[in-house]
1. Could you point to the residue in Leu89, Gln78, Ala41 farthest towards the positive end of segment 2-106's charge dipole, with +1 and -1 charges on the Cβ of Lys/Arg and Asp/Glu respectively?
2. Can you give the extra length, in nm with one decimal, that the chain gains between Asp86 and Arg18 once fully stretched, where that is 0.36 nm per residue apart less the Cα-Cα distance?
3. Per Stokes-Einstein, at 10 °C and 1.306 mPa s, what whole-number D in µm² s⁻¹ belongs to segment 7-135, with the Kirkwood radius over Cα pairs as the hydrodynamic radius?
4. Could you tell me the calculated FRET efficiency between Lys243 and Gln69, based on Cβ-Cβ distance and R0 = 41 angstrom, to the nearest 0.05?
5. Which length gain, in nm to one decimal place, applies between Arg25 and Leu114 when the Cα-Cα distance is subtracted from 0.36 nm times their residue separation?
6. Can you give the convex hull volume of the alpha carbon atoms of segment 17-67 per residue, in Å³?
7. Using r as the Cβ-Cβ distance of Ala37 and Arg223, and R0 as 45 Å, what FRET efficiency do you calculate, to the nearest 0.05?
8. Which whole-angstrom value gives the distance between the alpha carbon centres of segment 1-68 and segment 97-125?
Amino acid sequence: MSDSPPSLTRLRDLGFERAGRVEPRHASISIAIDDPAVQCASPVLYAFVVADEVMYVGKTAQTFGGRMQSYCTPGPTQRTNLRVRDLLLEVIAGGQAVTLWVWRDPGTASHRGLVLDSAAGLESAVIRHLQPPWNGGKRGLGTSSAQIGAPASHADSSAGLVPAPAPTPSRGPRPHRVGTHAHRILALLASLASTASERPQGAPRAIGWCDDCVADRASIVPRQTVNITARKLEADGLLLREKQRCPRCGGTKICNRLA
Ligand SMILES: [Zn+2]
């Protein structure tokens, strides 16, 4: 677990205000916006927040309400909208609340008579600073990141996952890196499979860990994210989940190992 204060604290310091919340609706989501004035704001930065941790930061030049609508009814080729919508659904299914925060560009920054796009500048700075996990950030990975570095290569060709590229310093296309949690889980389990000291004497080679231990070691919050993601990976044939004695914590729980 990270010792640093929740990233929402920093987001508020930066001037983000609470704007609403995400709710389940049929097979998708709906977004309840607190203040109708925010609905029409543009441009804005927005953030999805779970348990006081910033999960995703985005910017839109559309109205805020219009941008949120495209998360609720994503088109079949809108990969970012689909991916973030599915992550939101997973969190809600796990019983967590998702709140929505915005920063409205006052449009007052200029340089020698030219109006500057403060939202764009702040977006890349915020993502670099907070490293939200759904933007592909490493926040919470902790000191064991080297150990769980490279994802298992077979994860990339299955399950529609896209390999997470090395973090780029700032500009360029927005870091829409897919399957961060899935990659972390698979990479951790792959590292266990190849590390003799992580398993007891005589245990099968591919033994895995329970969701709690995976969440702890991979620093994935909220913890339910591991459960949800691992069940998806199981459905995609990448993981096996069986009740057994977790070699790390000793509890008899559902444990994950690579398929
Ligand atoms: Zn365990």
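Readers should treat all values here as calculations from the given coordinates under stated rules, not as data from a laboratory. The structure displayed is predicted, hence computed values, not measured ones. Cβ sites come from the backbone with ideal geometry, for glycine too, and all protein chains shown count toward neighbours.
1. The one lying farthest along the dipole's positive direction is Gln78.
2. On the way: separation 68, 0.36 × 68 = 24.48 nm, distance 2.18 nm.
Residue separation times 0.36 nm, minus the Cα-Cα distance, leaves 22.3 nm.
3. On the way: Rh = 15.0 Å.
Rounded to a whole number, D works out at 106 µm²/s.
4. Details: r = 42 Å, r/R0 = 1.03.
With R0 = 41 Å, the Cβ-Cβ based efficiency is 0.45.
5. Details: separation 89, 0.36 × 89 = 32.04 nm, distance 4.33 nm.
Between Arg25 and Leu114, full extension yields an extra 27.7 nm.
6. Numbers: hull volume 4.5 nm³, N = 51.
Taking only Cα atoms, segment 17-67 has a hull volume of 87 Å³ per residue.
7. Numbers: r = 36 Å, r/R0 = 0.81.
Efficiency for this residue pair is about 0.80.
8. 14
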